[in-house]
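Bear in mind these aren't lab numbers, they're just calculated from the coordinates by the rules spelled out. This one's a predicted model, so the numbers in the text were calculated from it and none came from an experiment. Every residue, glycine among them, receives a Cβ derived from its backbone with ideal geometry; neighbour counts consider all protein chains shown.
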Ligand code: GLC
C-alpha cells in the first residue's frame, strides 16, 4: 500500500456488494472468505481500494442496511477475526478498504430498539429514536413517506408511532440525542482501530430531522426528492454538518489518510460541496453523473458544474455510473431514454443491451479520464446488465412489498457475479448451491474466466484503462479543459499530453491531431471515431487548441433517487 496521505483524491474504488461478490462457504450467499479468495482478481484489475457494503449482524430486511450490531460481523459473512484478516490482506496486496457506516437508522433487532419497545412511551430508551403519539384522529404523526413506499411511520402495541424513512425494520435514530452521537463516535474508533481506511456514510443527508417533525408542504413537487431549499424537514438539513465536523476530527486523529465518502442525495453540486468542506467529509458520490443521460451537452454540463462546485471547497470530484441501488448503466444506456434516477427500477421500455454495452465502454473511458476519483460497481467490468425479469417469488428488496408490488426494487442489479464455468452458479459458490438470486444462463458468455481470455472483452477494456490511468501522469488529479469539438462530441484535454474524445453524435467523427492512440473503446476504422465510442489519444500539448466555454447546470440532470 502506497504511504500516500492523499490517495483518495484520485483513487479508483471498487464497490463490493458482499452478498453477491463471492461465496466461500457454499451457502449461496457471498461472504468474507469469498472476497479474500478473489483479492488477486481485484489487484490485477488495478483498483486502488474496495468498499464493502454492510457486513454487520443483521436480519437482512434491507440487505444488511438494517444493522443489529455495528461492532461485529454477521455469521453468514464470517467472524470479526475474518474481517481483520481481510483488512490486513487487502493492505498486504497494496489496496485500501472502506466499510459502510449506517448512521441514520438501526435494525429493529438492535438492542436499543428492543429496549425502547420494552420501556414504553416517555422513557429515556425511546428518546434515542423518534417515537411520537399519533394525531387525534388516529393517524400517524405527520405525512412523511418511506423511500421504499408507504408511510414513514409504524405503530407499536402501546399506540405510539416510530419514524422510519426506509423500511419499518429500520427505525430512524434521533441524532439530537447525545447517546447516539457518542455511540457512533465509538463505532468509528472501533473500525479505525482495526485498520480500515475509511467509511462510506449511508444516507448522509438524512440524519437530522426538523425538531417539530412538521408535515412536508404540498408544494414540494415530490415528497422524497431532496429539494433545492434548506427547509426540507428531513433531507439535507444544515445541522448535519456539525456531525461530520466531529467525525472528521476523529479520522484526522488516526492520520490524514483515513477518509469518508458521503452518500448524499442532494439537489445540486453546490449543496454536495457543503458536505466536503475542508473540515467535513473528504468526498461524496456524484450522483448527477450517474443520473445524467447519454448526451454530450448534458454530460459536459455535469462535469463543469461538479468540478466548479467542488473546486470552490478544495475537494476532488468523484464519478460513478452504477451502484447497488441503481439500474445498471448497460441497461440504462440501452434504452431510448438513457437518464438515470427517478423511479427507474420500474421497466422503461425495450433495452438494446449491445448498444448499452457499447456506450458503457465509452462512458468508462470518459469517467476514468475525468479529474478526481472514480467508483466502480462489481460486475460492471463484466458488462452485466440489469435483470429486470427476476421471478417475483425471489425478490427481496423491501421496495417490492412496500410499493404494493408496483416497483420491483433493486434486486436486478444485485445478482451474484458469474466467475467461471458453463452453468449457474458460474463459480460464485463452490459446488452447485443455487445463489440467493438466480443468474441467467446467458451470462455463460460473460464470466470473468472467459473475458480474461478475450482481448476485446469488457473486462479487458477495464484492465487496460485502469493500467493506463495508473501509469499516465495526466490522469487522476490535475489540469484539464474542454477542447472545441463538433456537436455531440466531447473532447477533454488532460495535461500533460492526453485527450479523451467521446462521440455521442450518432455518426462517425474525425479524431483530432494526435501522436498515437493509447486506448479506444471500439476499433477505429479509417482513423475515425465511430458513434457511441471513445478514445484516449496521446497529443503534443502545443498542438492542442484553446479551451471551450464552460456550460451551466443541465436541465435534464434533475435529481431523482431511484
Ligand atoms: C442507502 C443504501 C441503500 C439502503 C438505504 C437505507 O441508500 O445505499 O441500499 O437501502 O441507504 O439504508
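Summary of values
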read-out: Normalised contact order of the range 111-163, rounded percent, pairs of Cα under 8 Å and 6 or more residues apart; value: 30 percent
read-out: Most to least packed among 89-98, 268-277 [average Cβ atoms within 10 Å]; value: 268-277, 89-98
read-out: Helix 458-471 axis, angle to the chain major axis (alpha carbon atoms, nearest 10°); value: 80 degrees
read-out: Tensor-based shape of the range 111-163 (alpha-carbon gyration tensor, a/c under 1.5 rounded, otherwise prolate or oblate); value: oblate
read-out: Least to most buried among 215, 172 (fewest other Cβ within 10 Å first); value: 215, 172
read-out: Tilt relative to the chain, helix 80-92 - C-alpha long axis, 0 to 90 degrees, to 10; value: 20 degrees
read-out: For the range 225-265 versus the range 136-206, the gap between their alpha-carbon centres in whole angstrom; value: 15 Å
read-out: DSSP-defined antiparallel bridges as percent of all bridges, the chain, nearest 5; value: 55 percent
read-out: Cα gyration tensor category, rounded, prolate or oblate, for the chain with a/c compared to 1.5; value: prolate
read-out: The chain: angle of helix 353-369 to the longest principal axis, Cα-based, in degrees nearest 10; value: 90 degrees
read-out: Centre separation in Å (Cα based) which lies between the range 361-379 and the range 463-513; value: 12 Å
read-out: Residues 19, 402 arranged by fewest to most Cβ contacts within 10 Å; value: 402, 19
read-out: Packing-based ranking, highest mean first, of 376-385, 121-130 given that Cβ atoms within 10 Å are counted; value: 376-385, 121-130
read-out: Relative contact order for the chain, counting Cα pairs under 8 Å that sit 6 or more residues apart, in percent; value: 14 percent
read-out: 222 nm mean residue ellipticity, helices alone, for the chain (DSSP H n ≥ 4; -39,500 (n - 2.57); rounded to 500); value: -7000 deg cm²/dmol
read-out: Relative packing of 522-529, 464-471, 6-13, which averages over residues the other C-beta atoms within 10 Å, highest first; value: 6-13, 464-471, 522-529
